[in-house]
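Engineer: Take a look at the following structure, please.
The values are calculated or read from the model by the stated rules, or taken from the named source; none is laboratory data. Since the model is a prediction, treat every value here as computed from it, not as a measurement. Here the Cβ positions follow ideal geometry from the backbone for every residue, glycine too, while neighbour counts run over all protein chains shown.
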Amino acid sequence: MADKISILIVDDEPHIRVTIQEFLSEIDQFNVIDAVPNGKQAIESCKRRVPDLILMDVNMPVMGGLDATRMIHTMFPRVVILMLSTETDMEIIRTAISGGARDYVSKPIRGNLLVDKILSLFNRPDTTTSSQQPGKARRDRRLIAFFGIRAGMGTTTIACNLGSILAQKHSARILMIDADSTYADLSHYLGRRREPTIVDLLRQGDPSKADVIGNYIMQTKAGVDLLPGSPIGQIESLDESKVMEIARSIAGNYDRVILDFPGLGSALRLEILKQVETLFLVISNEVVAVRLARILIEILKRRDFPMKTLKVVYNLIAPLFAGVESDQVEDILTHPLFAMVAGNPEVVTTSYLQQIPFSHTPPTSVGKSIEQLADRLAENLRG
Ligand SMILES: Nc1ncnc2c1ncn2[C@@H]1O[C@H](COP(=O)(O)OP(=O)(O)OP(=O)(O)O)[C@@H](O)[C@H]1O
Ligand SMILES: [Mg+2]
């Protein structure tokens, strides 16, 4: 096996140094040998031991990253220098690269992209196993996925109202991604036209670049940002691993990214859904929905799915006499219910027609139940 890549971290912000160090230390191919707060100390560190790679911040007291890069490149030309920069720093990046930096990564830094970049700079294959590469293996705590046990469970309704309450009541930065290629109606619920769409992004842009993805994101009156779904009439399935790549790439810019997946029938990619911190399964109070959910839960358990991440939302959409009593449901499912949502066709339909989430209107039974759901999530929103 090739030697480990030795790494020096240079950043004046202690928490960034510590976070990067902890993150990279978990990767087998890397060896973080030092972490210092400015360019001057970086030069001193190189004199003691020359690293293979330096992660170099730009603005630092005593000596900034541009001066340090020029000097280190002259003194130790074989060291690979990777700048850590905010996206507005393009002119600075050009200067850094002409001074000897090899490349840059944008701040806020997304761990898995940093790992990929370093491995590619050193032409190392990505041999990290799932337990070694936190960015790929660990669940991404910013990602929330929604899917219904089948079509028409109220998944999109609950997802967009949850997003809007998290944004409005809890001041969270929320991005909603329409990952349902068949109906792609999230933009309708949020009152936005849907061009350009996620399909355009996947065709024309690089789904791993946050600044590219940003061009396809729009703001909504509901207070959440939106990456709209496929164009009308396009019933072609989205590559869900690419959708997830987009979510991961942009997640650093948000408190939470909420993905609205289609009902189970059209897509359940277990490996993909394993990557999210919270997976909402929406079921209605119809016997058939509860039965299907029970089967799914059994399958998930057999496949060692991380069941803690699975939160079942029981949407009381059907007339009560047609439904299963809620206290029986947990027994049938062999899994707890995370939340119940009140049925309220009038409020939900009016909101659909007006294209604005009902969480904005005066308190309603259905709005309150989703608010409770949001409050529970918000407890660890920034944790
Ligand atoms: N709590 C509720 N009370 C009353 N009606 C509801 C409720 N939740 C959803 N509905 C209605 O159920 C229908 C389906 O809702 P929605 O589009 O949110 O479901 P979905 O699971 O996302 O469906 P799709 O499979 O089309 O993606 C809509 O007509 C919506 O108005
Ligand atoms: Mg939907």
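Engineer: When only residues in the range 145-158 that are over 16 Å from His360 (Cβ atoms) and in a helix (DSSP H, G or I) count, which is farthest from ligand 2 (Cβ to nearest atom)?
Structural biologist: Out of the qualifying residues, it is Thr155.
Engineer: Still on this model: Based on what the data block shows, is Ile217 out of contact with any helix residue (DSSP H, G or I) (no Cβ under 7 Å at 6 or more places or on another chain), in contact (Cβ under 8 Å) with a residue 40 or more places away in the chain and over 16 Å from Ile356 (Cα atoms)?
Structural biologist: When the stated conditions are applied, Ile217 passes them.
Engineer: Further question on the same structure: May I ask you to list the residues in the range 341-375 that are of a type in the set (A, V, I, L, M), more than 25 Å from Arg193 (Cα to Cα) and either more than 10 Å from ligand 1 (Cβ to nearest atom) or assigned to a loop (DSSP other than H, G, I, E, B) (or both)?
Structural biologist: Within the range 341-375, Ala342, Leu373, Ala374 qualify.
Engineer: Please count how many residues of the range 211-225 are polar (S, T, N, Q) and surrounded by fewer than 22 Cβ atoms within 10 Å (Cβ to Cβ).
Structural biologist: Total satisfying the criteria: 2.
Engineer: Looking at Asp185, is it within 15 Å of ligand 2 (Cβ to nearest atom) and within 27 Å of Gln372 (Cα to Cα)?
Structural biologist: yes
Engineer: Just checking, does the range 100-111 include any residue being hydrophobic (A, V, I, L, M, F, W, C), assigned to a strand (DSSP E or B) and either touching a helix residue (DSSP H, G or I) at 6+ places or on another chain (Cβ under 6 Å) or surrounded by fewer than 18 Cβ atoms within 10 Å (Cβ to Cβ) (or both)?
Structural biologist: Within the range 100-111, one or more residues are hydrophobic (A, V, I, L, M, F, W, C), assigned to a strand (DSSP E or B) and either touching a helix residue (DSSP H, G or I) at 6+ places or on another chain (Cβ under 6 Å) or surrounded by fewer than 18 Cβ atoms within 10 Å (Cβ to Cβ) (or both).
Engineer: Another question about this same structure. Which members of the range 297-322 meet the condition of being within 15 Å of ligand 1 (Cβ to nearest atom) and outside any loop (DSSP other than H, G, I, E, B)?
Structural biologist: Hits for the range 297-322 are Val312, Val313, Tyr314, Asn315, Leu320, Ala322.
Engineer: Right, something else. Identify the residue in the range 159-171 that is closer than 14 Å to Ile258 by Cα and out of contact with any strand residue (DSSP E or B) (no Cβ under 6 Å at 6 or more places or on another chain) and, among all such residues, is farthest from ligand 2 (Cβ to nearest atom).
Structural biologist: Ile165
Engineer: Please specify each residue of the range 169-210 satisfying the condition of being within 19 Å of Ile144 (Cβ to Cβ) and of a type in the set (Lys, Arg).
Structural biologist: Those that are within 19 Å of Ile144 (Cβ to Cβ) and of a type in the set (Lys, Arg): Lys169, Arg173.
Engineer: Can you tell me which of Arg173, Arg203, Arg193 is among the charged types (D, E, K, R), in the same structural domain as Leu316 (by TED's automatic domain parsing) and touching a Ser or Thr at 6+ places or on another chain (Cβ under 8 Å)?
Structural biologist: Numbers: Arg173 fails: touching a Ser or Thr at 6+ places or on another chain (Cβ under 8 Å); Arg203 fails: touching a Ser or Thr at 6+ places or on another chain (Cβ under 8 Å).
Unique residue meeting the criteria: Arg193.
Engineer: Can you name the residue in the range 147-180 that is within 22 Å of Asp375 (Cβ to Cβ) and under 13 Å from the mean Cα position of the chain (by Cα) and is also surrounded by the fewest Cβ atoms within 10 Å (Cβ to Cβ) among such residues?
Structural biologist: Filtering the range 147-180 for residues that are within 22 Å of Asp375 (Cβ to Cβ) and under 13 Å from the mean Cα position of the chain (by Cα), the one surrounded by the fewest Cβ atoms within 10 Å (Cβ to Cβ) comes out as Arg173.
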